[in-house]
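J.: One structure coming up, written as structure tokens, with questions to follow.
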Amino acid sequence: MKLAGLKSIENAHEDSVWAATWVPATQERPALLLTGSLDETVKLWKADELDLVRTNTGHSLGVAAVAAHPSGIIAASSSLDSFVRVFDVDTNATIAVLEAPPSEVWGMQFEPKGTILAVAGGSSASVKLWDTASWRLISTLSIPRPEAPKPSDKTSSKKFVLSVAWSPNGKRLACGSMDGTICVFDVDRSKLLHQLEGHNMPVRSLVFSPVDPRVLFSGSDDGHVNMHDAEGKTLVGSMSGHTSWVLSVDASPDGGAIATGSSDRTVRLWDLKMRAAIQTMSNHNDQVWSVAFRPPGGTGVRAGRLASVSDDKSVSLYDYS
């Protein structure tokens, strides 16, 4: 397995690019890359040429997270203005505006079947679940605060939720916090199952293995990428190689590799059998906020793709084979 650089767009946005995800292919069009930036816009790009399809406005502050519905028809963007905007991918029509105060949203993801949008509520120490048919709030999963805080302890800032990930079967939701803990919830019962230990600094990114719903990967400011058994509550392995914070982690659709983006300005590809980084890409000259593998599917799509976005305002595309 390897990455090969295909194309980079300098100044893809007018400011830092913090978020990226792929909008799955529909019957009418191939998959698109969706990026969100501190310049308050969301942009859609063609998958192979990185040609700009459209620029979406609608936020009054920078865009911190983006998510795409598995149907490929709708997507969502969240901003530091505390609003989540749900929109039609092909027309940019606003479908819903979800209020997320009192906090900004740093991570969100649609459930694999598309029935729920999970929104990590930052300083609210919770994850909110929105029904995608009615856009009503159906559940709030609260992150437990540390036991018996000392009066000097600023625990309110500790339980700041940064990241969310659904298991492939939609039964589990994991969320990562500023204090390094990861909570795993049984979504049907709105019940906290357990907390996963292993990081001692913010967990900014989480992704489940697409081939094994028990395996959860986490990236943290401690520079490590951890593999957890999310059901058995155990740390399976820890991989290191980045020289600074790990800001983003994504799993390849075949389940054989993960990619990470870091504030050390690199993108790394990790072989999960070897549990080691096998390739380092240095396209960016500032921290890499997000990496995203293109989902499989779409007519005539055989090649794998990875995208990365950075504080340097650029978007890079790689072939994954």
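J.: Considering only residues that are charged (D, E, K, R) and assigned to a loop (DSSP other than H, G, I, E, B), look in region 1-25 and name the one that is most open to solvent (accessible area, probe 1.4 Å).
T.: 14
J.: It is to be established whether one or more residues within region 101-109 are open to solvent by 10 Å² or more (accessible area, probe 1.4 Å) and without any contact (Cβ under 8 Å) to a residue 40 or more places away in the chain.
T.: yes
J.: Might you check whether a residue that is modelled with pLDDT of 95 or more and among the polar types (S, T, N, Q) occurs anywhere in region 60-67? Write out each step before concluding.
T.: Just the residues of region 60-67 that are modelled with pLDDT of 95 or more, to begin with: 66-67.
Still in the running and among the polar types (S, T, N, Q): none.
Among the residues of region 60-67, not one is modelled with pLDDT of 95 or more and among the polar types (S, T, N, Q), which makes the answer no.
J.: Are any residues in region 43-58 crowded, with 21+ Cβ neighbours inside 10 Å and either acidic (Asp, Glu) or modelled with pLDDT of 95 or more (or both), and if so, which ones?
T.: Across region 43-58, the qualifying residues are 43, 45.
J.: Filter region 179-213 for residues that are over 23 Å from residue 242 (Cβ atoms), outside any strand (DSSP E or B) and of a type in the set (A, V, I, L, M, F, W, C) and give the result.
T.: 187, 211
J.: Hey, which of the strands (runs of 3 or more DSSP E) in region 229-274, taking only ones fully inside, have at least 1 residues that are open to solvent by 10 Å² or more (accessible area, probe 1.4 Å)?
T.: Output list reads 234-240, 246-251, 267-271.
J.: Working only within region 59-79, note down all residues that are open to solvent by 50 Å² or more (accessible area, probe 1.4 Å) and over 15 Å from residue 292 (Cβ atoms). Walk me through it before giving the result.
T.: Kept after step one, since they are open to solvent by 50 Å² or more (accessible area, probe 1.4 Å), are these residues of region 59-79: 60-61, 70, 73.
Selection gives 60, 61, 73.
J.: Would you say residue 117 is crowded, with 20+ Cβ neighbours inside 10 Å, in a strand (DSSP E or B) and under 17 Å from the mean Cα position of the chain (by Cα)?
T.: Yes; evaluated as a whole, the condition is true for this residue.
J.: Still on this structure: Among the candidates 84, 97, single out the residue that is open to solvent by 70 Å² or more (accessible area, probe 1.4 Å), at pLDDT 90 or above and over 19 Å from residue 24 (Cβ atoms).
T.: Going through 84, 97 in turn, the sole match is 97.
J.: A further question follows. Could you grab the pairs with beta carbons closer than 7 Å, sequence gap of 6+ or different chains, first residue in region 214-233 and more than 22 Å from residue 245 (Cα to Cα), second one open to solvent by 10 Å² or more (accessible area, probe 1.4 Å) and acidic (Asp, Glu)?
T.: 214/229; 214/231
J.: Identify, please: which residue in region 284-319 is surrounded by fewer than 18 Cβ atoms within 10 Å (Cβ to Cβ) and within 20 Å of residue 251 (Cβ to Cβ) and is, among those, modelled with the highest pLDDT?
T.: Taking the candidates together, the pick is 319.
J.: Sticking with this one: For residue 29, are the conditions met, namely being surrounded by fewer than 19 Cβ atoms within 10 Å (Cβ to Cβ) and part of a strand (DSSP E or B)?
T.: no
J.: Those residues that are under 21 Å from residue 221 (Cα atoms), open to solvent by 10 Å² or more (accessible area, probe 1.4 Å) and at pLDDT 95 or above, I need them from region 156-186; list them, please.
T.: Residue satisfying the conditions is 164 alone.
The values are calculated or read from the model by the stated rules, or taken from the named source; none is laboratory data. Values in this document were obtained by computation on a predicted structure and should not be read as measured data. Methodologically, a virtual Cβ is constructed for each residue, glycine included, from the backbone with ideal geometry; neighbour enumeration extends over all protein chains shown. Each accessible area value is taken on the protein alone, full model and side chains, heavy atoms only, with ligands, DNA and RNA left out. Shrake-Rupley method; radii C 1.70, N 1.55, O 1.52, S 1.80 Å.
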